[in-house]
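Below: one structure, written as structure tokens.
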Amino acid sequence: MADLGQQSGLTFRQDYFADPVAWAGLVDLLRDTFSIDISLQDQFGGPDPTSMPFGYFDADGRCVANFSAFSMPLIINGRTVKAAGYQSGAVRPEWRGRGLYRDLMQRAFAQTKAEGFELDILLTDKPVLYQPYGFKTVPQRIFAGPPPKMIGSFPRARPLSLEDAGDRDLLKTLLQSRVPVSQRFAVASQMEMFYLNARFDPDVRLTLVEYTTVVAWKYDGRTPRILDVVGKTIPSLEAIQSALGVPSSRIEVCFPPDQLDWQGMPEPHQGYTSLMMRGDVADDSGGPIMLSPMAEF
Ligand SMILES: CC(C)(COP(=O)(O)OP(=O)(O)OC[C@H]1O[C@@H](n2cnc3c(N)ncnc32)[C@H](O)[C@@H]1OP(=O)(O)O)[C@@H](O)C(=O)NCCC(=O)NCCS
């Protein structure tokens, strides 16, 4: 691949997370670009060990451009799919328009192709960047409708606090042993993004149900919105809503609800970003889907 780095006085580096200074360089780049602090992951075991970062660094060691791939196994229609996710794409303003991002995308896509990933997936507010590489936007749907009738007893439930080290450990254990929240479309296993999404969005509530299951949800005072369910089994929506203790006339679920013993109607989801995929599996994923907001990356 043409060495853009030499032409521009930058150093190309890949798989550099073991170097704390380079990792800090990426933290700075993403803080300056997106106002997010990915170093919060350090409280939760550090970055995803499957990450494959590709970056350019200047003479002072600043990370000026990055694009990362990572392994993100998905369950689609009951089958485990070897999928690669792409994230942390940014170029510092003074370095834009010189082809650095194109170069990093091409390197990342070549690497995941060589490693035999069968599906590529990303979320973006700039779909046009990825269309030339065969990515297509997949419309997402939330599932909504009247909640199930609550006839059972109220399971024991309490809020989980990520400020509390014991609760963090418990969440980690549950994430490590979780079953996918849907057989239609869900991450098979992913911890780091769940944690970051819970930290980034103060409206996300985490409720521990029966000591064995964490429900991530939001509530605007009228409609509970279920974002994800983490545990070794997935309780019915009736049990979940009983545990949350918020009766309502409508409930919304942000993933296909095939495990919840409840049917919601798919409705268009107005998100800030588009879900894009490429690969044969993407073409025949069939039917309405949504990636749990807790798996967003
Ligand atoms: C978007 C961004 C990463 C592009 O970086 P860059 O190094 O300037 O991009 P490049 O010069 O390598 O251009 C790559 C291609 O993207 C196109 N492109 C660049 N910026 C674009 C933008 N904002 N919108 C649409 N297309 C864009 C270029 O025309 C080029 O197309 P080509 O390959 O057909 O010639 C950079 O502007 C950035 O960091 N923006 C803020 C963060 C962001 O939006 N990141 C992407 C999140 S998914």
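Answer yes or no: is there a residue in the range 84-106 that is more than 16 Å from the ligand (Cβ to nearest atom) and in contact (Cβ under 8 Å) with a residue 24 or more places away in the chain. Even if it seems obvious, please write down each step before you answer.
Start the filter on the range 84-106 by keeping residues that are more than 16 Å from the ligand (Cβ to nearest atom), which leaves none.
Within the range 84-106, not a single residue is more than 16 Å from the ligand (Cβ to nearest atom) and in contact (Cβ under 8 Å) with a residue 24 or more places away in the chain.
So in the range 1-21, with the set limited to residues that are aliphatic (A, V, I, L, M) and under 19 Å from Met105 (Cα atoms), which one is modelled with the highest pLDDT?
If we take residues in the range 1-21 being aliphatic (A, V, I, L, M) and under 19 Å from Met105 (Cα atoms), then Leu10 is modelled with the highest pLDDT.
Every residue, every condition in (1) over 15 Å from the mean Cα position of the chain (by Cα); (2) within 16 Å of Thr11 (Cα to Cα), yes or no:
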residue: Arg31; (1), (2): yes, no
residue: Gln43; (1), (2): yes, no
residue: Pro47; (1), (2): no, no
residue: Ser51; (1), (2): no, no
residue: Phe54; (1), (2): yes, yes
residue: Ala69; (1), (2): no, no
residue: Leu74; (1), (2): no, no
residue: Gln87; (1), (2): no, no
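Select, from Glu163, Glu115, the only residue that is more than 16 Å from the ligand (Cβ to nearest atom) and within 17 Å of Phe70 (Cα to Cα).
Values: Glu163 fails: within 17 Å of Phe70 (Cα to Cα).
Going through Glu163, Glu115 in turn, just one is more than 16 Å from the ligand (Cβ to nearest atom) and within 17 Å of Phe70 (Cα to Cα): Glu115.
Is it the case that Arg168 is part of a helix (DSSP H, G or I), in contact (Cβ under 8 Å) with a residue 40 or more places away in the chain, within 30 Å of Glu210 (Cα to Cα) and more than 16 Å from the ligand (Cβ to nearest atom)?
Working: part of a helix (DSSP H, G or I): yes; in contact (Cβ under 8 Å) with a residue 40 or more places away in the chain: yes; within 30 Å of Glu210 (Cα to Cα): yes; more than 16 Å from the ligand (Cβ to nearest atom): yes.
It is true that Arg168 is part of a helix (DSSP H, G or I), in contact (Cβ under 8 Å) with a residue 40 or more places away in the chain, within 30 Å of Glu210 (Cα to Cα) and more than 16 Å from the ligand (Cβ to nearest atom).
When the range 189-215 is examined, which residues are found to be over 17 Å from the mean Cα position of the chain (by Cα) and modelled with pLDDT under 95?
Those that are over 17 Å from the mean Cα position of the chain (by Cα) and modelled with pLDDT under 95: Val209, Glu210, Tyr211, Thr212.
Quick test of your reading of the structure: Ala186 fulfils all but one of (1) within 21 Å of the chain's Cα centre (by Cα); (2) surrounded by fewer than 17 Cβ atoms within 10 Å (Cβ to Cβ); (3) touching a residue at least 60 places away in the same chain (Cβ under 8 Å). Name the failing condition by number.
(2)
The values are calculated or read from the model by the stated rules, or taken from the named source; none is laboratory data. Everything numeric here is computed off the predicted structure, so don't read it as measured data. Note: ideal-geometry Cβ built from the backbone for every residue, glycine included; neighbour counts use all protein chains shown.
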